[in-house]
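A short worksheet on the structure shown next.
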């Protein structure tokens, strides 16, 4: 993020403030928010984010088993999304015996 700090310091500061406003205890505690961030990072395929938020989850009381389960939820959603992202499957497999 150094390029942002160097070239757009106001934007970098706003990003930092956004993080601070989100990652504080509220209706959800920090541990839960970091587990959500781990899952989101996995789904966004951000390796750096996954590492950072996994460590922060540990620092906020998560266990490695909790992180693993959270990642498995992301894996399930990712797999399921591939089955449901389009209605084309219905068109392809409708009357599939006739297409063969």
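Please verify whether residue 24 is under 25 Å from residue 1 (Cβ atoms) and part of a helix (DSSP H, G or I), treating the condition exactly as stated. Let's see the steps before the verdict.
Working: under 25 Å from residue 1 (Cβ atoms): yes; part of a helix (DSSP H, G or I): no.
For residue 24, the condition - under 25 Å from residue 1 (Cβ atoms) and part of a helix (DSSP H, G or I) - is not met.
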Flagged in the range 86-99 as at pLDDT below 85, assigned to a helix (DSSP H, G or I) and out of contact with any helix residue (DSSP H, G or I) (no Cβ under 9 Å at 6 or more places or on another chain), in numbering order, are 96, 97, 98
Taking the range 4-21 and keeping only residues that are assigned to a helix (DSSP H, G or I), more than 18 Å from the chain's Cα centre (by Cα) and either at pLDDT below 95 or surrounded by 10 or more Cβ atoms within 10 Å (Cβ to Cβ) (or both), one is left with 4, 5, 9, 11, 12, 13, 14, 16, 17
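Which residues, taken from the range 37-54, are assigned to a helix (DSSP H, G or I) and surrounded by fewer than 14 Cβ atoms within 10 Å (Cβ to Cβ)? Steps first, answer last, please.
So the first thing to find is which residues in the range 37-54 are assigned to a helix (DSSP H, G or I), and the list is 37-44, 47-54.
Listed by number, the residues that qualify are 44, 47, 48, 51.
For residue 57, are the conditions met, namely being at negative phi and in a loop (DSSP other than H, G, I, E, B)?
On the way: at negative phi: yes; in a loop (DSSP other than H, G, I, E, B): no.
For residue 57, the condition - at negative phi and in a loop (DSSP other than H, G, I, E, B) - is not met.
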message = Given the criteria part of a helix (DSSP H, G or I) and at pLDDT below 95, does residue 83 qualify?
response = yes
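The values are calculated or read from the model by the stated rules, or taken from the named source; none is laboratory data. Just so you know, these numbers come straight off a predicted model, no measurement behind them. A quick note on method: Cβ atoms are made from the backbone with ideal geometry, for glycine too, and the neighbour counts reach across all protein chains shown.
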